[in-house]
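What follows is a set of notes on a single structure, which appears directly below.
We did not get these values from a lab; they are worked out from the coordinates using the rules stated. Since the model is a prediction, treat every value here as computed from it, not as a measurement. Counting neighbours? That spans all protein chains shown, and the Cβs are built from the backbone with ideal geometry, glycine included.
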Amino acid sequence: MNAIETTALEKRYDVKDGEPVHALRGVAFQVHAGEIYALLGPNGAGKTTLISVLTTLLMPTAGTATVAGCDVATQADEVRRRIGVTFQEIVVDADLTGRQVLDFHARLYGLSRAVRQERIATLGALVELTDALDRKAGTYSGGMKRRLELARGLLSAPQVLFLDEPTQGLDPQNRSSIWRHIRRLRNEQGITVLLTTHYMEEAEALADRVGIIDHGQLVVEGQPGELVRQMGADVVTLAGNGDVAGLLGAVRALDFVTRVTEHAADGLVRVQIGVDDGERRLAGLIGAAAAAGFHVTQVNVNRPSLGDVFLAYTGADLRDE
């Protein structure tokens with residue numbers, strides 16, 4: 001069973017005195033039950049819109065989406081009963097204790113007093129806040145507030161948990177702590193997790209699969225390791241100006257090249273070239289660039305990462321939300 005499934009999902013906004021915004025353009029993907037799926041994308045790519053549709057905060061313009069087997073448009077109440085959500089911005093009442101924050105949220109779901117007390121104790125231990133639950137949330141550090149929000153999202157015992165930038169603004173130690181809690185949820189409770197993140201190392205560390213969304217479309221998805229391997233053993237980046245088309249044609253004809261992508265930034269064209277051995281092939285690539293009429297001003301050779309995959313599919317141009 002797929003915990004999340006979308007088909008030809010569209011979302012358009014009518015903007016007064018301006019061009020309509022096409023935020024989602026036929027998104028089709030599935031998240032398997034018990035899977036951690038990381039959604040990556042530049043600012044303005046459609047991540048927030050997609051999460052908002054899946055959590056019933058926005059109605060889709062066209063297409064379908066189901067979460068935990070329920071349609072987000074026609075069974076919104078059923079979807080809400082089956083999901084937990086933590087949003088990008090921390091929303092915690094500083095004047096309430098951690099226990100009160102959790103208790104008030106649990107009451108909204110109609111949980112009995114006995115169930116509320118049991119779950120608050122269990123979740124407080126899970127996110128390592130037992131000793132702080134009776135302190136005001138305003139005294140919590142940023143990492144503690146994130147963990148409190150994670151516990152709040154789990155109070156309703158959700159089948160699917162949505163985490164929007166769950167470690168934004170945290171230091172490496174607190175980020176690692178959140179990762180540990182997310183893994184425990186999947187491994188011990190079988191919860192399906194869909195998270196958005198700007199941290200490539202977070203996606204590599206947590207996700208069974210990742211999807212990259214850009215301009216409202218899902219441009220690629222797969223296991224992080226497999227996407228990285230498709231880039232080649234090494235990635236050579238040539239930056240400069242000149243006959244870009246000639247360079248692309250020349251390097252694509254080389255039998256040791258596995259992948260070629262190009263994008264422009266800072267007045268330069270950057271061409272990423274996946275090869276079997278960067279140091280051994282570098283001279284040949286620079287020679288091919290010179291022969292094609294492309295003037296190389298910067299060269300970089302590195303082992304590929306998920307960040308290279310992200311850059312290859314989305315480019316480096318800045319976006320606005």
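Treating r as the C-beta distance of Arg252 and Ser176 and R0 as 35 Å, the FRET efficiency rounds to 0.30. Mean sequence separation of contacting Cα pairs (under 8 Å, at least six apart), scaled by the length of the range 231-284, corresponds to a relative contact order of 48 percent. Between the listed residues Thr56, Val251, Gly44, the Cα displaced farthest toward the positive end of the dipole of the chain, a dipole computed from Cβ unit charges relative to the Cα centre, is found at Thr56. Taking the Kirkwood radius as Rh and the Cα radius of gyration as Rg, the range 232-303 has a ratio of Rg/Rh equal to 0.91. Taking amide H as placed 1.01 Å from N in the peptide plane, the amide H of Ala264 sits under 5 Å from that of Arg270, Ala316, each at least 5 places away or on another chain. Of all DSSP beta bridges confined to the chain, the antiparallel ones make up roughly 75%. The residues Met59, Met144, when put in order of fewest to most other Cβ atoms within 10 Å, stand as Met59, Met144. Working note: Karplus 6.51/-1.76/1.60 with θ = phi - 60° gives the range 199-215 the couplings 8, 5, 5, 5, 4, 5, 6, 9, 7, 6, 9, 10, x, 10, 10, 8, 6 Hz, where Gly and Pro are set to x. Once semi-axes √(5λ) of the Cα gyration tensor in Å is calculated for the structure shown, the corresponding label among [x] 42, 22, 17; [y] 30, 22, 21; [z] 28, 23, 19 turns out to be [x]. For the range 117-221, relative contact order (Cα pairs under 8 Å, six or more residues apart, normalised by length) works out to 22 percent.
With r defined as the distance between the Cβ atoms of Gln217 and Glu78 and R0 fixed at 30 Å, what FRET efficiency is calculated, to the nearest 0.05? Working from the Cβ atoms, E equals 0.60. Based on Cα contacts under 8 Å between residues 6+ apart, the chain shows a relative contact order of 20 percent. Summarising the amide proton neighbourhood of Thr97: residues at separation of 5 or more, or on other chains, whose placed amide H is nearer than 5 Å comprise Ala137. When the chain is treated as a GNM with alpha-carbon contacts under 10 Å, the residue of Leu163, Leu129, Leu24 showing the greatest mean-square fluctuation is Leu129.
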